[in-house]
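The values are calculated or read from the model by the stated rules, or taken from the named source; none is laboratory data. Nothing here was measured: the structure is a model prediction, and the numbers come from that model. Note that we place each Cβ from the backbone using ideal geometry, even for glycine, and neighbour counts take in every protein chain shown.
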Amino acid sequence: MRGITGGLALAAGLSLAWGATGDEVKIGGQVKQSHGVLQAAEAGDIACYLTLVDDRGREFTEQAEFELCEAPPLRKRVRLHYRLGQVASPRCEGDPDCKLTETVPLVVRLETATAASSGGFCGAGESVVFQCAAGKGKAVSVCATADGRTQYRFGRPGAAPELALPAPPVAAARAARGGTESYAGGGAAWLRFRSGNHAYVVYTGIGNWGPRGEKVEKQGLVVEKDGARIAHLPCSGPVRSELGPDWFERAGVERGGEEFEIPE
């Protein structure tokens, strides 16, 4: 299955193939992040203000109940639990006698999120480049530190990875090769890590691959030996992926003349 050169992949298809982390929740008509690394917690006039960094390295702020400003789990990756609550309106401008209120999503609980609870191997302070369950009781993760060191990890969640490449982690441009493909009705992105005569490729894509040409998403892990495919482990359950042209450019990852075909 080769990429169709000269064709235009549908924008909607590309956005699904290279989509968001799936780490969001909807509450009160708003979309909120459900995970982040907690950087600071400061009590304000109307709420406790939490400053966090998401798995893409972007900083965001949420309002929380005042109790969460007491002994917050700083520098840890946390899961945010929300409910709708009433706070003093900003129009009160700090006036304690003002009765104006507004209903907003409030963080009511912070749950420390370990690698095991998140279903993979990326720890606090690392961003998830790719992650899913793959194989019987196994998971695959590609994790990156804030300074760009990237590593492929595979094994049983909750235990040490059975395989981690490269060891120690190095800059993404040195750790792996990767690229994108264009297909009729979609596109794909892949990232290959090598160790001796073996290679491990994580991928995500969407195309008109259904029995009647319907759009189908595909994500998974391919194991190669001497350039030939010897195993294919499709993802099961939620998939988190940053693979795509934006991440490749930021990380400095190049194709380097390599090719990859999504398994049928």
Residue check, Ile262 in contact with a helix residue (DSSP H, G or I) (Cβ under 6 Å, 6 or more places away or on another chain) and crowded, with 19+ Cβ neighbours inside 10 Å: no
Output for the range 141-158, where each listed residue is among the polar types (S, T, N, Q) and in a strand (DSSP E or B): Ser141, Thr150, Gln151
Check on Ala167, exposed (fewer than 14 other Cβ atoms within 10 Å of the Cβ) and either β-branched (Val, Ile, Thr) or part of a strand (DSSP E or B) (or both): yes
Scan of the range 79-118 for residues that are part of a strand (DSSP E or B), modelled with pLDDT under 90, closer than 21 Å to Gly158 by Cα and not acidic (Asp, Glu), ordered by number: Arg79, Thr112
Any hit, the range 109-119, residues being without any contact (Cβ under 8 Å) to a residue 60 or more places away in the chain, surrounded by 14 or more Cβ atoms within 10 Å (Cβ to Cβ), basic (Lys, Arg) and over 30 Å from Gly44 (Cβ atoms): no
Condition met for Arg192 (assigned to a strand (DSSP E or B), closer than 23 Å to Ala144 by Cβ and of a type in the set (Lys, Arg)): yes
Condition check for Lys26: closer than 25 Å to Glu242 by Cα, loosely packed, with under 15 Cβ neighbours inside 10 Å and modelled with pLDDT of 75 or more: yes
Index of the failed condition, Ala251 passing every other in (1) closer than 21 Å to Ala172 by Cβ; (2) touching a strand residue (DSSP E or B) at 6+ places or on another chain (Cβ under 6 Å): (2)
Every residue from the range 200-257 that is surrounded by fewer than 15 Cβ atoms within 10 Å (Cβ to Cβ) and in contact with a helix residue (DSSP H, G or I) (Cβ under 6 Å, 6 or more places away or on another chain): Gly252
Restricting the range 120-140 to residues that are hydrophobic (A, V, I, L, M, F, W, C) and part of a loop (DSSP other than H, G, I, E, B), the residue that is surrounded by the fewest Cβ atoms within 10 Å (Cβ to Cβ): Ala124
Test result for Arg174, within 25 Å of Phe121 (Cβ to Cβ) and either part of a helix (DSSP H, G or I) or β-branched (Val, Ile, Thr) (or both): yes
Tally of residues being among the charged types (D, E, K, R) and touching a Cys at 6+ places or on another chain (Cβ under 7 Å) across the range 135-155: 1
